[in-house]
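Quick notes on the structure that follows.
The values are calculated or read from the model by the stated rules, or taken from the named source; none is laboratory data. In this text, all values refer to a predicted model and were calculated from it rather than measured experimentally. Don't worry about glycine lacking a Cβ; one is built from the backbone with ideal geometry, like all the others, and counts go over all protein chains shown. Side chains are part of the model used for accessible areas, which takes the heavy atoms of the whole protein and leaves out ligands, DNA and RNA. Shrake-Rupley method; radii C 1.70, N 1.55, O 1.52, S 1.80 Å.
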Amino acid sequence: MMGRLVQYGVLFTATLFFLLPVYLVIVTALKEPAAITLKDTWQLPQRWHWESFTQAWTAFLPKLQNSFVLTISATLLSALLGSLNGYVLAKWRFPGANIVFPLMLFGMFIPYQAVLIPLFQFIREIGLGGSLWGLVLVHVVYGLPITTLIFRNYYAEIPDEMIEAGRIDGAGFFGIYSRIVFPLSLPGFVVVIIWQFTQIWNEFLFAVTLVSSPANQPITVALAQLAGGEAVKWNLPMAGALLAALPTLLVYIFLGRYFIRGLLAGSVKG
Amino acid sequence: MRTLAAPIREVKMRWFKNKDNLYGFLVILPSLVLLGVFVYGFIFQTFSISLTDWGKDPAQALSANPQIRFIGFENYRELFTGFIDARFRQDLFNTFFFTLFFILGCLGVGLGLAIVLDRSPRGEGFFRTIFLFPMSLSFIVTGTIWRWMLQPQGGVNQLPTLVGLPEGKFAWLTSREQIWQISWNDVPFITALVVGLVLVFIALGAFRGGERRRGYIAAGSAALLLLWAFTLGRTLQPLPFDEPHGFNLAFIGIILAAVWQMSGYTMALYLAGLRGIPEELREAARVDGASEWQLYRRIIFPLLAPITLSAMIILGHISLKIFDLIFAMAGADNAPTDVPALLMYLTTFRANQIAKGAAIGMILLLLVAAVIVPYLYRQLKSEVRR
Amino acid sequence: MRKLWLTLILALGSLAMAQSGKLEIFSWWAGDEGPALQALIDLYKKRYPNVEVINATVTGGAGVNAKAVLKTRMLGGDPPDSFQVHAGQELIGTWVVADRMEDLTPLFNQEGWMTKFPKGLIDLISYKGKIYSVPVNIHRSNVMWYVPAKLREWGVQPPKTWAEFLTVCQTLKSKGLEAPLALGENWTQQHLWESVALGVLGATDYANLWTGKLRFTDPKAVAVWNTFGRVLDCANKDAAGLSWQQAVDRVLEGQAAFNIMGDWAAGYMTTTKGLKPGEGFGWAPAPGTAGVFMMLSDAFGLPKGVKNRTNVLNWLRLIGSKEGQDTFNPLKGSIAARTDSDPSKYNAYLQSAMRDWKSNRIVGSLVHGAVAPESFMSQFGTVMEIYLSSRNAQAAANAAQAIANQVRLGQ
């Protein structure tokens, strides 16, 4: 009995802890700027000021579009490449295959500050300095390790007998991929796409350093600039934060299971 | 007639055993080249930039064709013992304490929630969704939200007033207080001491596990390190004066936000781990007369140890690199909450000290590598053994 | 005869063609300061209707984001046609020494500006005898704000020196005012420091700091930190969480007596708070700085290699003209850099500032980019940190000197 009480007590406290900020965001976003005082932070708004959202929407719309273009293209490209790479590493042998994989994995963990300066110069030199496509390239390349990892682990589960059977039927490298492996890949693609979508949508460091043209910046940069400005009227950043969070949040709520699988892919084996 | 192509083809076949392996290699080759350039090539380039003086002379820093000179490890020397880089040294402390409490917080909260959820209370799916949703947010969103929450005159400090208590007075992110101060000159000694003790621990574990060679190597290194610590380590003076460093209380707010965001991750890990423990094991223990607490302590926690280790590594490398969260929560100019990643950005892109920024980037890389490389090594050795 | 007409028509036609194309104005004047810039742009469009003006602003406090974007564009070989910059070392120490800006001295001579801008200003914006920017406005940094009615209530006068300030501070504390000086976050603390430095050192020694003639480790300069520390004891402890507007609000609400801030505070108090200069709020030069105008200025220059050079030169002519400056500044809440502007267009505070601008000795602000390059300014934060955490004046002075050596201040 005591156990049950403690249990629900813990859950209740935890829920408060996790949801209190959400309450505050919504309440603050709906207040008129003049009504936002520090003393009444927790009070409900007198009048629901939906204009915060319309203002944030107009300000953020082009940046949201940038984020969508960036995220969708980079996600699809890195997912495709990751699938092919994972297939190679899971099922085929070539000299050095064993060292290649850890070397690739290391790329997933590096702090990007260690490559930022040459990367910045490189993007500039190939002429993608102000453009969104430089950022797409960067995300595709640095997304290769994690997508490869997820697909490799996923394809490792495919029994070697199936591959053998395909070989006996006369299929070669590409045949086996298109006829056997790719049709089975849907869950892997879902995990990778959700993971990459979330990571790329939420990324900030590359976005703020590599995209010099404000018109091409994604939403994370826009939000940081909005909230970091002087004499901030907090309803706007709160509304902006909600808008910026909405896509990944929706993905998470509806496809949460796959999101978690992507999470767990990078750590525990089995 | 044997053409030249035939021996090459033979060699290739010997290497790749068959045509398909060759195709495999060719398919993965572009990714390898890209990563080779973008990861290893750029790391090398950053390292070479860090050995120059790019940025010290304002006339050269931003000019179209900067003339830069090689100065060896001077930038690194300045970062660790140079007078004006006190901020960097405090950042090292900041990152250490942040990592420590962040990991402890996430593990603690995650484990606690996982244990409760493992008992399948009502609405488990609902609770799980709530505890996990912050993971889908960007650090910028989290930082913005918590920045507003932790305003000293409002937000969290006003919460007690809702239940009739006086308002909180803690300055949160704007706090300038620092506790647990030690002098920078003591750091070599303390570091050597701690690492030496860890090596002793590893040696004991190795001997107990029967791995003699590893035990001897660890014990030997530990002895050397401890000897150095108590002799040279005590007299080494990186700085000509005492420079106090400690734990900045301003980080409490950041740790809070970071734990809020990431404890869902550890919860998911532990929940998967707990679910993986067969019910028979628990039943057997209960039949043997173990209390709930003993069940957890003797059986379940040890079984969760690999998960704890994995989580510590992953969380550790995230916290060492942390940039977005602090940028959004405290801004780039709030010195008490500075971290090396943020300092690198400021040094390179605002102060135009490009070579020094590169040096900070390299040090960050070393810190992360120290955590990740052993982990990767262990993971892959265990894989090969399988 | 026909040939003459033809040539004339062709010449006029090509003249009109030359004044077409684009002009990209890069600034961080979004939000409240937007209308002033827009008025200037409208004026430009009236004169050059064929030019497409692109108003490229980057939001973000004090232009930090804009400066970062500017840097990436300049390094990428895609400079904006003209960009807002703080006149003085912020431009010189970053872009001029890197040989990225065109010399504008011919323009100054053409337009006769050498006599229209004060000599003190021209000295600050010159490098090796050449001028690289056209200042469009002037803000004053060393101003102390207070509410006259409150001071009467407490029975104190605005202090004339820092020593007097400390005495007044004690008096006010004994009357129950915990923090007589209102202070805000990071940069406002540095803003306070420069007024203290000017007040303690005097104009000549202050200027010598930036030319390298006076070292930071000189006992006179070290003394600045000691005074600064005592002044900080009069300020609110929760400064780090306040924006400059919130600090001004403290004075207006009676929680503090004084605030040292640039004269954009006047714009805030008149426009946002609806107060009348002289009645709702009062001002005096920061203690110890009477007769000295510590200036900061927004200016535009001409980067090398821009695509629409003629358009930019026309823009620069406009912003340096009397009409341009008198259109821009009343809306911005600053005064014109020219000494011949029309006072009737400005409010009471700005008129007082204009009088001071013509008569006072001019020095440059540190925090707002007039006297020190970016590399110094961004590391000055470290010096401030060292002082704030250790309260050791000598340590702070040593750090400041070390940074000055590193960035070759004054050379």
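Some values worked out for this structure:
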read-out	value
Inter-part distance where the range C:29-90 and the range A:33-108 are each reduced to a Cα centre, Å	30 Å
Segment C:Lys213-C:Asp123, extension gain: residue separation times 0.36 nm, minus the distance between their alpha carbons	30.8 nm
FRET efficiency for B:Arg213 and B:Thr161, using Cβ-Cβ distance with R0 set to 56 Å, rounded to 0.05	0.30
Accessible area in the full protein assembly, largest first, 1.4 Å probe, for C:Ser174, C:Ser378	C:Ser174, C:Ser378
Shielding by partners - mean other protein chain Cβ count within 10 Å, residues of C:65-74	5
Shape call, the range C:205-316: gyration tensor on alpha carbons, a/c limit 1.5	oblate
In nm, spacing of pseudo-spin labels at C:Lys307 and B:Leu100 (7 Å Cα→C-beta vector)	5.6 nm
Spin-label zone in the range A:190-224 - amide nitrogen under 11 Å from a point set 7 Å from the Cα of A:Phe254 along the C-beta vector	none
Helical mean residue ellipticity (222 nm; -39500 (n - 2.57) per DSSP H run of 4+; nearest 500) of chain B	-21500 deg cm²/dmol
Size of chain B as Cα extents on the principal axes (Å, biggest first)	88, 61, 48
Chain pair B, A: total accessible area buried, heavy atoms, 1.4 Å probe, Å²	8500 Å²
Net charge over other residues, Cβ less than 14 angstrom from the Cβ of C:Lys71 (K, R count +1; D, E count -1)	+2
Shielding score for C:392-405, defined as the mean number of other chain Cβ atoms within 10 Å	2
Helix-derived mean residue ellipticity, 222 nm - over chain A, DSSP H n ≥ 4, -39500 (n - 2.57), to 500	-24000 deg cm²/dmol
Ranked packing of A:133-142, A:192-201, A:158-167, C:400-409, most packed first, by mean Cβ within 10 Å	A:192-201, A:133-142, C:400-409, A:158-167
Cysteines, the protein assembly as shown, no other Cys beta-carbon under 4.7 Å	B:Cys106
Kirkwood Rh, angstrom, the range C:51-104 [1 / mean 1/r, Cα pairs]	12.2 Å
Between the range B:161-211 and the range B:263-283, the alpha-carbon center distance in angstrom	29 Å
Amide H within-cut-off set for C:Gly21, under 5 Å, with H built and near neighbours excluded	C:Glu52
Accessible-area composition of the protein assembly as shown, carbon plus sulfur, in percent [1.4 Å probe]	63 percent
Whether the range B:226-318 is rounded, prolate or oblate, judged on the alpha carbon gyration tensor where a/c under 1.5 counts as rounded	prolate
Average other protein chain Cβ within 10 Å of Cβ, residues A:11-24	5
Beta bridges by DSSP in the protein assembly as shown, antiparallel share as percent, to the nearest 5	55 percent
Separation between Cα centres of the range C:159-206 and the range B:334-386, rounded to whole Å	42 Å
5 angstrom amide H check on C:Ser27, placed H, neighbours 5+ away	C:Ala56, C:Thr57, C:Val58, C:Gln84
Anchor C:Lys130: aspartates and glutamates whose Cα lies under 16 Å away (excluding residues fewer than 8 positions away in-chain)	C:Glu90, C:Asp99, C:Glu102, C:Asp103, C:Glu111
Reach of C:Lys45 by Cα under 19 Å, taken over lysines that are not fewer than 8 positions away in the same chain	C:Lys22, C:Lys307, C:Lys322
Share of Cα-Cα pairs in chain A lying beyond 24 Å, as whole percent	61 percent
Binned Cα-Cα distance frequencies in the range B:182-248 - 5 Å width, integer %	4, 20, 20, 17, 13, 10, 8, 6, 2, 0
Shape call, the protein assembly as shown: gyration tensor on alpha carbons, a/c limit 1.5	prolate
Mean Cβ neighbour count within 10 Å, used as a protection proxy, ranking B:60-71, C:356-367 highest first	C:356-367, B:60-71
Packing rank of C:38-49, B:31-42, where each peptide gets the mean count of other beta carbons within 10 Å, highest leading	B:31-42, C:38-49
